[in-house]
Amino acid sequence: MPAAASGDPDGRVLAPFGRRRGEVVANEPSGRYRIISAVDASGPMPAAGQFYMLAAAERWGGDGGRPFLPRAFSVAAAERSDDGARLSFLLEDVGPGTGRLAELGAGEGLMLTGPLGRPFSPPRDLNPAAAGAILVGGGVGLAPLAIWRRALAARGVPERTLLGFRDREHAGGHELFRCSEVRVASEDGHAGHRGYVTDLLERMLGGDSAATAVVYACGPPAMLEAVRLLCAELEVAAELAMEAPMACGFGACFGCAVPLAAGGYMRLCVDGPVVNAADVETALVAGAGRR
Ligand SMILES: Cc1cc2nc3c(=O)[nH]c(=O)nc-3n(C[C@H](O)[C@H](O)[C@H](O)COP(=O)(O)OP(=O)(O)OC[C@H]3O[C@@H](n4cnc5c(N)ncnc54)[C@H](O)[C@@H]3O)c2cc1C
Ligand code: FES
């Protein structure tokens, strides 16, 4: 059985010391992405918005035998099972590490460190007048919003979800949102509104009272920056699940430094990856490669 969740005041679940070997139980295509599920026999259940550092247990390295660093992935779903916590990750194959993880088969080992980082905050913590939540996802960035949507639904919090994709080649993960009202935008017009997901958000915030809205967003830096600016202009409370290059995932390397609006930096792996949009100077983080 999974260990009981231990936490700290901002709702994060603390990772057990060291990394553990999980077992891959499924690896399915989802549009152009893959959903990889693994059983974590001894780790705690994560909170929505947290992430894991993942590595394949075997053949995790380059041609010269040099090992890769583990890679960061948001947990997209977590369910209790008799064998432990069944964790699912939505993965886009963009390079050697994601390429190796994308080919893992059932029964293979997945090395896990986590859950790590700060999770999403309940809407009323961000805006006492909150009437519900608006989730805004871009591309593979929809992953942490899928587990957050389920957590909100379990607490009876109304939510609306807006998903944006660049084109058919960069789309998938819809099934993680089953039973949910989802509006879609695509830049090439292959699904839903032709244009940006932020067009849908702007329309929604225009139709609602911005005073009762709370926005949660995850996606490519340009999308997150557009959400940040829109929410700042309309004075809407918002949290962003951000990415930055991460070498360790637990505060040791400073590779993930993000500039703060008040000056100075935060380490995104321990002070994020979920941040209050008002706290960061920009969501355009250097090295957070995808557009
Ligand atoms: C907190 C966090 C959560 C993440 N969650 C997910 C997720 O749920 N699903 C998913 O598919 N990916 C996620 N990522 C991104 C993922 O970690 C990178 O895509 C991965 O490290 C790339 O490794 P690679 O060896 O395949 O490619 P690399 O050779 O390392 O990089 C290939 C390409 O990806 C870009 N890239 C590398 N690291 C990142 C990064 N951190 N963010 C954005 N672009 C990057 C590079 O600029 C390059 O263009 C997350 C990253 C962070 C920091
Ligand atoms: S990834 Fe090492 S300090 Fe954040």
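Each value in this text was obtained by applying a stated rule to the coordinates, not by laboratory testing. Keep in mind it's a predicted model, so treat the numbers as computed, not measured. With ideal geometry, Cβ positions are generated from the backbone for all residues, glycine too; neighbour counts draw on all protein chains shown.
Values as computed for the structure displayed
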item: Per-q log10 I(q)/I(0), the range 123-279, q = 0.11 Å⁻¹ (Debye; single scatterer per alpha-carbon; no solvent); result: -0.43
item: Mean separation of Cα contacts under 8 Å, 6 or more apart, over the residue count of the chain: relative contact order %; result: 18 percent
item: Relative contact order of the range 113-182, defined on C-alpha pairs under 8 angstrom at six or more residues apart (%); result: 32 percent
item: Theoretical gain in end-to-end length, E108 to R194 [0.36 nm per residue, Cα-Cα removed]; result: 26.9 nm
item: Inter-probe distance in nm under a simple model that places probes 7 Å from Cα toward Cβ, at A41 and D125; result: 3.3 nm
item: Dimensions in Å of the chain - Rg and Dmax from alpha carbons; result: 18.0, 58
item: Antiparallel DSSP beta bridges within the range 123-279, as percent of all bridges there, nearest 5; result: 20 percent
item: Computed E for A26/V182 - FRET, C-beta separation, R0 25 angstrom, nearest 0.05; result: 0.65
item: Overall Cα dimensions of the range 20-116 - principal axes, largest extent first, Å; result: 39, 29, 25
item: In degrees, nearest ten, helix 143-154 long axis to first principal axis of the chain (Cα); result: 70 degrees
item: Separation in nanometres of the label points that stand 7 Å from Cα toward Cβ, at D93 and A278; result: 4.4 nm
item: Extension gain from A286 to D82, taking 0.36 nm per residue of separation minus the Cα-Cα distance; result: 69.2 nm
item: Principal-axis tilt of helix 221-234 within the chain, Cα atoms, nearest 10 degrees; result: 30 degrees
